[in-house]
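The values are calculated or read from the model by the stated rules, or taken from the named source; none is laboratory data. Everything numeric here is computed off the predicted structure, so don't read it as measured data. Cβ atoms come from the backbone with ideal geometry, glycine included; neighbour counts cover every protein chain shown. Each accessible area value is taken on the protein alone, full model and side chains, heavy atoms only, with ligands, DNA and RNA left out. Shrake-Rupley method; radii C 1.70, N 1.55, O 1.52, S 1.80 Å.
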Number of protein chains: 4
Amino acid sequence: MSETSTKQRIGVLTSGGDAPGMNAALRAVVLAAEHYGMEVVAFKHGYEGLLNNEHLPLKAADVLHVLQYSGTIIKSARCPRFKEVESAQLAAKNLTELGISALVVIGGDGSFRGAHHLSQHWNGQIIGVPGTIDNDLYGTDATIGYSTAVAIAMDALDKIRDTADAMDRVFIVEVMGRHAGFIGLKSAMAAGAERMILPELQKDKPLTIAALVKHIKRVEEVRGAGSYVMVLSEHQWPGGAVALSEQLEAEYSMPCRPCLLGHIQRGGPPTATDRVLASELGVHAIELILQGKTAVMTGIKAGQMVEVPLVDTWTKKNPLDANLLRIQHEIFNPVKKSARS
Amino acid sequence: MSETSTKQRIGVLTSGGDAPGMNAALRAVVLAAEHYGMEVVAFKHGYEGLLNNEHLPLKAADVLHVLQYSGTIIKSARCPRFKEVESAQLAAKNLTELGISALVVIGGDGSFRGAHHLSQHWNGQIIGVPGTIDNDLYGTDATIGYSTAVAIAMDALDKIRDTADAMDRVFIVEVMGRHAGFIGLKSAMAAGAERMILPELQKDKPLTIAALVKHIKRVEEVRGAGSYVMVLSEHQWPGGAVALSEQLEAEYSMPCRPCLLGHIQRGGPPTATDRVLASELGVHAIELILQGKTAVMTGIKAGQMVEVPLVDTWTKKNPLDANLLRIQHEIFNPVKKSARS
Amino acid sequence: MSETSTKQRIGVLTSGGDAPGMNAALRAVVLAAEHYGMEVVAFKHGYEGLLNNEHLPLKAADVLHVLQYSGTIIKSARCPRFKEVESAQLAAKNLTELGISALVVIGGDGSFRGAHHLSQHWNGQIIGVPGTIDNDLYGTDATIGYSTAVAIAMDALDKIRDTADAMDRVFIVEVMGRHAGFIGLKSAMAAGAERMILPELQKDKPLTIAALVKHIKRVEEVRGAGSYVMVLSEHQWPGGAVALSEQLEAEYSMPCRPCLLGHIQRGGPPTATDRVLASELGVHAIELILQGKTAVMTGIKAGQMVEVPLVDTWTKKNPLDANLLRIQHEIFNPVKKSARS
Amino acid sequence: MSETSTKQRIGVLTSGGDAPGMNAALRAVVLAAEHYGMEVVAFKHGYEGLLNNEHLPLKAADVLHVLQYSGTIIKSARCPRFKEVESAQLAAKNLTELGISALVVIGGDGSFRGAHHLSQHWNGQIIGVPGTIDNDLYGTDATIGYSTAVAIAMDALDKIRDTADAMDRVFIVEVMGRHAGFIGLKSAMAAGAERMILPELQKDKPLTIAALVKHIKRVEEVRGAGSYVMVLSEHQWPGGAVALSEQLEAEYSMPCRPCLLGHIQRGGPPTATDRVLASELGVHAIELILQGKTAVMTGIKAGQMVEVPLVDTWTKKNPLDANLLRIQHEIFNPVKKSARS
């Protein structure tokens, strides 16, 4: 890396669970940086690379045609030791020695906690870019990767519908979401699922198999024989879809088949929504640096770019869209009728 | 159709060019109507079916698993004769005789002109639901089908990139959009196209081949040999992508290959975005009827359901997103640098 | 159903687990039957419908545009009671009373056992069409649905590769195959998996976790850090991918994530291969009827249509392609070198 | 490149129009070569790179995860000057100086003519691997890329069907195939097209618009109103789908819409069929070198690996599958009935 450059130098890393569109965000960061006369240094493997001084320059040529791929070309990792003071100090030292004046962190809430921790020990600018399929960050209507995860879950549910309809069968598809029902709600609505089991819905009224069986039977009464597809958010049943399916068969003689999508939800070509969002957020991150901002996450609210204090992103809660929840849970629920009717 | 039903009866039709997600909107209309105790009558082939009294009842069972398919199960059509006074009067007569008190029209600006025309001759409620891939309706951030059309165009551009990169070649992909660059802009950004030719950009400065060739050559100077992918909105060049490609070869000896996506952009499984949007708008249409509204289109602005006078939808203009245009046209343009740099 | 038709009447049903392409086979049966002047009666829900006399006429108009969809428009089911003599007698009676002279059974080995059983009690012609994703029928190089199942498994593995590469992680993807490794082998090769666990490979040498961990570590030694993706055929590990993954973490501290594709492998648009195969086999089934054949399955061997005694299809074994197995297991195995090298 | 290696060194290049699966073939060549103790040198941009001595070593690490991408990581090109004697001599000189004893050429008939030309001036071994979407090489049942091109054409046709059905409209989709109807036939059958216009069908009886209009009208008579989708092979109508569509409207007032798929057919993730075929052929190419073969193409016939003299690949003709042609053109043609019926 040239020592003599007079350009402003910024760092970038991707951290935590990877999300489709991280590459598009990286590309936007690099293209915007070059547009404004900055140069970019990337750290590999998230904060691990920052601690190990594993870095490389990123230029336009390196990122031109990466936006159509999921994953992250600079790799990601979780880095538990980054919570320690020594780590933040080491990171600060490395950044300073490289002449980096601003760091862009692409990741989720754990990554932003790390960024906030670093900000206590380094006086450069830090900008967060929301990259997580879970959409569970306060201050932005959407995170990079969420749209793609929903698309993949919907596609799986569509496929399940084909076979479920052929056999008039019950299915459980387990989707991601950590502790939030965003993927579950949107994919359930998009695929016309008969049932969704989300943390937000089960919070006050934990699911019982008896209630589930009752719903399945009432749907059959109302509709006649047919398929019944259920979306189960992770962590909402001990043992997940596999265990719930076995219990339905064992305890209620109700044939049921499980699918566990797992990390499939993080791959494949990102949706246009994720690529465009990542492009906007990546550019905005660079423009926030130009404006002298720090310790904020860039986000999108009502179609506009916004900035949010990093601390807010994990201390405040991003609620599910109330209208979507109402529609899918009540209006499209075959066994709920309006008081009016 | 039972004569003795005491339920409120509403009509629904899909009109004009079909758009992915129209079936999801139909499903939402029917499920919401049943939820609120109404019954639904569908007219086939748009206004043609309204004039020909070609109708059928639609119940939940008819629409349960249609949201994953493009097209429209009640068919669509263009109906030039609906502009005539006699047509509106006949339609009004048919609606009245069927005991229909409200009509939901799913379509684009032509369909809404028809709806407005009908409203001069019928005193039932009329609610428009924006269904067009072009996204060219005032009053809503998105129309049903737009997201899917962008996804298909992006997928085609991704495929073109593969072969363009293998051969270091120039390509032109022609996309739809009638007289607006929404599909062109968003797919170009999502696919990282080197160039986009949109009505909004060419309006004041018509494209010349010389300028295009100059850009292609400057991009090659800046980047080195590589692929160059161009998105061309329809109606922006006489003869479209095929003619422009031939001219580039004939006049400038620049090998270039065209693709004409055409109606491919209207098919395949709708995106989650379109299905969810269609679901929200379809439900909202029914709820606007319950609220006594008429001659309005339901739309989404900044994530919220809104209503817009039908007349506004085609008399006012829906502009491209200025930030996206700036990013794709300037910041991601390899041959434009900021004044700062 | 007209009693006075003088046309030859044939029956058709889809039975057992549904497979993508069954609709294309149905369409081919109906179009070929009409071409040759026959008429077609379909039984719903497989042998259940034959016993319950649940039938409907199928004409060209009913099947024109179904070949792009998975599932089966006449539904499928398993029918354990069909093994009883009384069932075969009842089926024979129903077929005779409907004036059906030949029955086409689209399904897998269980369905063909049923067909053979029926042939002991009914003197009409019976033709089997191989429809199962498992490809485990003797006498045909491919079964309808196999290609689509492989395509879906490969797509899932591609998506897993994206995230596995981003995090340098180990993944297990569980695929279908009943007791044969066809889907496992072909999807593993198509996706470049580092490891496959197939019944044919484990038969003589059951898998141990210790051996698996050893392979993972040797691959890392040879290649350096990177992703490691494993394809696990169902029934090859107690508890499947979920259990194996947990054991790898618990016993060897090796982080690993599971996916369980399940019935996703039976949905979505069938591949061109499956649609074309189904079309050829469906036509051939009708032409075998014209030739007076019975108690045979139509199949494809070396690109040619063949007929196979029904009994052979489950009493003889369809082996994996030896060359594919050799290539994927030895030549592409990063830790096996030829003696020559 | 180490001068002192005692390993056998082989060369590889991809030439002519790129085809999905070329990367999978490259990977197989490299992995098999390493398995057998050889090392691989790749030339970039096909024969151009061979003439310009533009080469790089390829090792397993370079090709591990490329099989899921279309295009070719070593780029391809057409090279008209390679027909000259001086070019072949220069190529021979470059190969000899690099110590290369065998060359693998991945491409189509033009590339194999080049390989044959080179074989007159160089005494190393030359093995062809069939890589072209057109499937027009004698001696192999399938070429790398053909399956993917069919899949993409089918997907486009499926999408067209959605909108064609919604509007009861006529569509023309133009597909590739150079001078052979393989892609046209298979995609037409897979998508259930009403009509296909292939070189093999038009050879003796050129298409007229009058005959086409007659067919469209007869189909409508037989079936009733509905969609009519036509697959047009390239070079079968002056001006292609766009011109034919305009003429149908202008001369017969028959509304019709065109699509021109173009190079879209060469991109996206290769199908499992293409990846597995490319893997087998790439390995076989190396094994043919070990067996001392030269001036042959590796191919697949009836599921077995075969070798074919290079000269045969373009001097003999690969016919369409007669059974598929018969089925799609006669049995599935709604206006042709068997003499029997």
*Can you list the distances in nanometres, one decimal and ascending, from the A:G303 label point to the identical position in each other copy, with the point 7 Å along Cα to Cβ?*
1.4, 5.7, 5.8
*Could you tell me what percent of the DSSP beta bridges with both partners in the protein assembly as shown are antiparallel, to the nearest 5?*
25 percent
*Roughly speaking, what is the centre-to-centre gap between the stretch A:87-122 and the stretch D:230-245 when only Cα atoms are used, to the nearest Å?*
59 Å
*Net charge near D:S233: determine it from the other residues with C-beta under 14 Å of the C-beta of D:S233, scoring Lys and Arg +1 and Asp and Glu -1.*
-1
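Would you kindly state the longest site-free stretch of chain A, with sites defined as GluC sites (Glu not before Pro) in a DSSP loop (not H, G, I, E, B) surrounded by at most 16 other Cβ atoms within 10 Å?
The segment A:85-341 is the longest one with no such site.
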*For C:R326, which inter-copy label distances result when the label point lies 7 Å beyond Cα on the Cα-to-Cβ vector, reported in nm to one decimal and in ascending order?*
3.5, 6.4, 6.7
*Along the charge dipole of the stretch C:216-272, which of C:S227, C:A241, C:G267 sits closest to the positive end, that is, farthest toward it, with unit charges on the beta carbon of Lys, Arg, Asp and Glu (+1, +1, -1, -1)?*
C:G267
*For B:A61, which inter-copy label distances result when the label point lies 7 Å beyond Cα on the Cα-to-Cβ vector, reported in nm to one decimal and in ascending order?*
2.1, 6.5, 6.6
*Pick from A:A180, A:A60, A:A102: which is most flexible by mean-square fluctuation in a GNM of chain A where alpha carbon atoms under 10 Å apart are linked?*
A:A60
*Along the three principal axes, how long is the stretch A:129-218 when you take its alpha carbons, biggest first, rounded to the nearest angstrom?*
44, 32, 15
*If we count every other residue with Cβ under 13 angstrom of A:Q328's Cβ, Lys/Arg +1 and Asp/Glu -1, where does the sum land?*
+1
*Run through every distinct alpha carbon pair of the stretch C:274-341 and return the Kirkwood hydrodynamic radius in angstroms, one decimal place.*
15.0 Å
*Remind me, what semi-axes does the stretch C:108-176 give for its equivalent ellipsoid, largest first in whole Å, using sqrt of 5 times each Cα gyration tensor eigenvalue?*
40, 10, 7
*Given B:K159/B:K217; C:K44/C:K93; B:K44/B:K93; C:K159/D:K186; A:K336/C:K75, the pairs whose alpha carbons are separated by over 20 Å*: B:K159/B:K217; C:K159/D:K186; A:K336/C:K75
_Consider the operator that turns chain B into chain D: which B residue has a Cβ nearest its axis, and what is that gap in Å?_
B:L260, 2
_Which residues does the label zone of B:Q8 cover in the stretch B:268-302, counting backbone N under 19 Å from a point 7 Å along Cα→Cβ?_
B:280-299
*Ranked order, D:T6, A:T273 - accessible area, probe 1.4 Å, largest first*: D:T6, A:T273
*Which of the aspartates and glutamates could a cross-linker bridge to C:K317, judged by Cα under 15 Å and excluding same-chain residues fewer than eight apart?*
C:D109, C:D134, C:D136, C:D141, C:E200
*asked:* If you take every residue apart from C:M176 with its C-beta less than 10 Å away from the C-beta of C:M176, what net charge results, scoring Lys and Arg +1 and Asp and Glu -1?
replied: -1
*Surface accessible to a 1.4 Å probe, per residue, for the residues of the protein assembly as shown, Å²*: 34 Å²
*What helices does chain C hold that run 20 Å or longer along their axis, going by alpha-carbon atoms, with a Kyte-Doolittle average of 0.5 or more, using DSSP H for the helix calls?*
C:272-290
_Pair A:N323, B:T208: separation of 7 Å Cα→Cβ label points (nm)_ = 4.8 nm
*Evaluate 2.2 N^0.38 Å with N set to the residue count of chain C, then give the Cα radius of gyration divided by it.*
1.11
*Take every Cα-Cα distance within the stretch B:146-267, group them into 5 Å bins from 0 onward, and report for each bin the whole-number percent of pairs it holds.*
2, 12, 23, 26, 21, 11, 4, 0
*So, with +1 on the Cβ of K and R and -1 on the Cβ of D and E, and no other charges, what is the size of the charge dipole of the protein assembly as shown about its Cα centre, to the nearest 20 debye?*
0 debye
*Counting only protein heavy atoms, what percent of the accessible surface of chain B is carbon or sulfur at a 1.4 Å probe?*
52 percent
_Convex hull volume per residue for the stretch C:1-122, taking Cα atoms only, in Å³_ = 88 Å³
_Semi-axes of the equivalent ellipsoid for the stretch B:215-277, please: Cα gyration tensor eigenvalues, times 5, square-rooted, ordered largest first, whole Å._
30, 17, 9
*asked:* What does the buried accessible surface come to for A and B, summed over both chains, with the probe at 1.4 Å? Round to 100 Å².
replied: 4300 Å²
_For chain A, what does the helix formula give at 222 nm: sum of -39500 (n - 2.57) over DSSP H segments with n ≥ 4, over the residue count, nearest 500 deg cm²/dmol?_
-12500 deg cm²/dmol
*Using only alpha carbon positions, build the gyration tensor of the protein assembly as shown, then give the equivalent ellipsoid semi-axes as the square roots of 5 times its eigenvalues, largest first, whole angstrom.*
44, 41, 34
*Straight-line reach from D:K316: which lysines have a Cα under 16 Å away, not including same-chain ones fewer than 8 places off?*
D:K301
